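Presented below is the structure to which this report refers.
The values are calculated or read from the model by the stated rules, or taken from the named source; none is laboratory data. Predicted, not measured: the structure shown is a model, and the values here were computed from it. Because the Cβ atoms are built from the backbone with ideal geometry, glycine has one as well, and the counts that use them run over all protein chains shown. Calculation scope for accessible area: heavy atoms of the full protein, side chains included, ligands and nucleic acids excluded. Shrake-Rupley method; radii C 1.70, N 1.55, O 1.52, S 1.80 Å.
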Amino acid sequence: MGEPGTPDLFGLLPGCTLWIEAKSTRGVMTPEQVAFREECRRLKIPHVVARSVDDIMPYLRAAREGKST
């Protein structure tokens, strides 16, 4: 079990780590999860709230093409 707010998954992409918070279509992030996301944004670390695999695909495509998101 991780620390409160730590995303459910992470992906190791070339040059970075992608943090993935998995949510259902009606799922809501906790205040701790929101704080983690905001810290990622501040540090320019990729973080996505994924309600489907389609939400993650832009990050995977960018990694494959050697671009950042």
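With respect to residue 48, determine if the residue is of a type in the set (Val, Ile, Thr), open to solvent by 90 Å² or more (accessible area, probe 1.4 Å) and modelled with pLDDT of 95 or more.
Criteria not met by residue 48.
Residues being open to solvent by less than 60 Å² (accessible area, probe 1.4 Å) and among the polar types (S, T, N, Q): count how many of those fall in the range 1-45.
Result for the range 1-45: 4.
Using beta carbons and a limit of 8 Å, which pairs, at least six apart or on different chains, have the first residue in the range 1-13 and in contact (Cβ under 8 Å) with a residue 12 or more places away in the chain and the second one assigned to a loop (DSSP other than H, G, I, E, B)?
4/30; 5/30; 11/56; 13/46
Restricting to the range 53-66, give me the number of residues that are surrounded by fewer than 11 Cβ atoms within 10 Å (Cβ to Cβ) and more than 13 Å from residue 9 (Cα to Cα).
Looking only at that region, the number is 4.
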